[in-house]
Amino acid sequence: MPTPGADTNEPEPRRVLVTGGAGFIGSHLVGHLLDQDVSVTVVDDLSTGRRDNLPGAHERLRFIEADLAHALEAFGPGEIFHEIYHLAAAVGVQLVIDDPIRSIEINVEQTAALLRFASAHGANGGGAPTLIASSSEVYGKGSRCPFGEDDDVVYGPSTIARWSYAQAKAVDEHLALAHAHAGSVPTVVARFFNTIGPRQVGSYGMVVPRFVGAALAGEPLRVHGDGTQSRCFADVRDVAPALPRLLRSPACRGRVLNVGSDREISIRELADLVITTLSSSSAVATIPYSEAFASGFEDLQRRVPDLTRIRAAIGFEAAITLEQTIQDVASWIQDRGGP
């Protein structure tokens, strides 16, 4: 790839960095960006991402398999980016509970390093506009529902590991907004609400691919708790194209925006919908939280986003139905030979 600023008759391509770009959301974003004729650099250590989520060979795609902090240190001063999307993170309730130390360190230390890098590697001598991927987990137990971006938050005790993820992502948001306030990096924070779709795996506690995999195999769909807890699910193919629109909108700079759907469904209803949509013979089995996770695990009864801000900013609406996503997740699982 030519060094940015080299003497050439061709216009310099728009250069974008995507961290975690081989992951579920990241790979869909990369595909969307490549369709926009930009040059994309992906950094991913493949701890939860997959190389085959990305094109095998593409003239405008550079893939770097590395720990993000090491990759950033290795980049030279000529590595200039017009946009940065930071999606590298430890994700999934099960992964956070199984390895909280690594999850906290990755989610805080790598975000801090990425923002320092962005401040010195933007085009035109300024910081590179950067989107930080956050999570609805930041709302904690929630002070009201639906969740608005400026609502107060309440977390459980530090003795419950699942709250460490929420607090780590909240620190990420503080870092991003502090850089925006200081003028070092134009940032946008996207709080994702249960993004689902093809390429998502159930290994880290993601409920939809876990349910779909069980339904395809004729196995029981394991619902944690009594199943009355509700969530809102948005297809990644609606979410990923919205991210560049958020980052490129001046009205979104230095702000937090919920990203997702506000169609609410209980987890028991979701299990039934998966079985019906896929014409599966599976049954539903309810599993106590103490059996599914560690003792003392806390869950939120409702998680519904207020989408007023993102609708006003970019006119965002999730268009793909939950039934269609379930079918497409099933096709993806079958195409790759299993979950």
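The values are calculated or read from the model by the stated rules, or taken from the named source; none is laboratory data. These numbers were taken from a predicted model, which means no experiment stands behind them. Here Cβ is always computed from backbone atoms with ideal geometry, including for glycine, and neighbour counts include all displayed protein chains.
If I filter region 295-318 down to residues being touching a helix residue (DSSP H, G or I) at 6+ places or on another chain (Cβ under 6 Å) and in a loop (DSSP other than H, G, I, E, B), which single residue comes out as modelled with the highest pLDDT?
Restricting attention to region 295-318, the residues satisfying the condition of being touching a helix residue (DSSP H, G or I) at 6+ places or on another chain (Cβ under 6 Å) are 297, 303, 313-314, 316, 318.
Imposing the further condition that a residue be in a loop (DSSP other than H, G, I, E, B) reduces the set to 297, 303, 316, 318.
On the way: 297: 58, 303: 93, 316: 98, 318: 95.
Of everything passing the filter in region 295-318, 316 is modelled with the highest pLDDT.
Close contacts from region 222-242, counting a first residue that is more than 10 Å from residue 196 (Cβ to Cβ) and touching a residue at least 24 places away in the same chain (Cβ under 8 Å) and a second that is surrounded by fewer than 18 Cβ atoms within 10 Å (Cβ to Cβ) and among the aromatic types (Phe, Trp, Tyr), with Cβ to Cβ under 8 Å and a gap of 6+ residues or different chains, come to 224/289; 225/289. Filtered by the rule that a residue be in contact with a Lys or Arg (Cβ under 9 Å, 6 or more places away or on another chain) and either closer than 17 Å to residue 232 by Cβ or of a type outside the set (Val, Ile, Thr) (or both), region 185-208 gives 186, 191, 193, 194, 197, 198, 199, 202, 203, 207. Residue 254 meets the stated requirement of being more than 30 Å from residue 54 (Cβ to Cβ), touching a His at 6+ places or on another chain (Cβ under 8 Å) and of a type outside the set (Ser, Thr, Tyr).
Is it the case that some residue within region 41-49 is more than 21 Å from residue 200 (Cα to Cα), touching a Lys or Arg at 6+ places or on another chain (Cβ under 6 Å) and either surrounded by 20 or more Cβ atoms within 10 Å (Cβ to Cβ) or of a type in the set (Val, Ile, Thr) (or both)? The answer is yes, given that some residue of region 41-49 is more than 21 Å from residue 200 (Cα to Cα), touching a Lys or Arg at 6+ places or on another chain (Cβ under 6 Å) and either surrounded by 20 or more Cβ atoms within 10 Å (Cβ to Cβ) or of a type in the set (Val, Ile, Thr) (or both).
Taken over region 150-164, residues that are surrounded by 15 or more Cβ atoms within 10 Å (Cβ to Cβ), outside any loop (DSSP other than H, G, I, E, B) and out of contact with any Phe, Trp or Tyr (no Cβ under 7 Å at 6 or more places or on another chain) amount to 1. Among the residues of region 30-40, those identified as surrounded by 15 or more Cβ atoms within 10 Å (Cβ to Cβ) and either more than 21 Å from residue 123 (Cα to Cα) or in contact with a Pro (Cβ under 8 Å, 6 or more places away or on another chain) (or both) are 31, 32, 33, 34, 38, 39.
Answer yes if at least one residue in region 121-132 is in a strand (DSSP E or B), among the polar types (S, T, N, Q), modelled with pLDDT of 95 or more and within 30 Å of residue 230 (Cα to Cα), and no otherwise. Step through it out loud before you land on a result.
Narrowing region 121-132 to residues in a strand (DSSP E or B): 122, 130-132.
Checking which are among the polar types (S, T, N, Q) leaves us with 130.
Narrowing the set further to residues that are modelled with pLDDT of 95 or more leaves 130.
From what is left, the residues that are within 30 Å of residue 230 (Cα to Cα) are none.
Among the residues of region 121-132, not one is in a strand (DSSP E or B), among the polar types (S, T, N, Q), modelled with pLDDT of 95 or more and within 30 Å of residue 230 (Cα to Cα), which makes the answer no.
Looking across region 256-277, the residues that are assigned to a helix (DSSP H, G or I) and of a type in the set (S, T, N, Q) come down to 276, 277.
Going by the conditions given, is residue 175 under 23 Å from residue 242 (Cβ atoms) and out of contact with any His (no Cβ under 6 Å at 6 or more places or on another chain)? So residue 175 fits the description; yes. Going through (1) surrounded by fewer than 18 Cβ atoms within 10 Å (Cβ to Cβ); (2) modelled with pLDDT of 95 or more; (3) not in a strand (DSSP E or B) one by one, residue 285 falls short only on (3).
So in region 185-240, with the set limited to residues that are among the β-branched types (Val, Ile, Thr) and part of a loop (DSSP other than H, G, I, E, B), which one is surrounded by the fewest Cβ atoms within 10 Å (Cβ to Cβ)? Result: 228.
Across region 141-181, the qualifying residues are those that are among the small types (Gly, Ala, Ser) and touching a Leu at 6+ places or on another chain (Cβ under 8 Å), and the one among them that is farthest from residue 257 (Cα to Cα) is 142. Those strands (runs of 3 or more DSSP E) of region 3-110 in which at least 2 residues are modelled with pLDDT of 85 or more and under 17 Å from the mean Cα position of the chain (by Cα), considering only elements entirely within it, cover 15-19, 39-44, 83-86.
Residue by residue, here is whether (1) within 14 Å of residue 269 (Cα to Cα); (2) under 22 Å from the mean Cα position of the chain (by Cα) holds:
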{"position": "179", "(1), (2)": "no, yes"}
{"position": "185", "(1), (2)": "no, yes"}
{"position": "190", "(1), (2)": "no, yes"}
{"position": "193", "(1), (2)": "no, yes"}
{"position": "198", "(1), (2)": "no, yes"}
{"position": "201", "(1), (2)": "no, yes"}
{"position": "208", "(1), (2)": "yes, yes"}
{"position": "216", "(1), (2)": "no, no"}
{"position": "231", "(1), (2)": "yes, yes"}
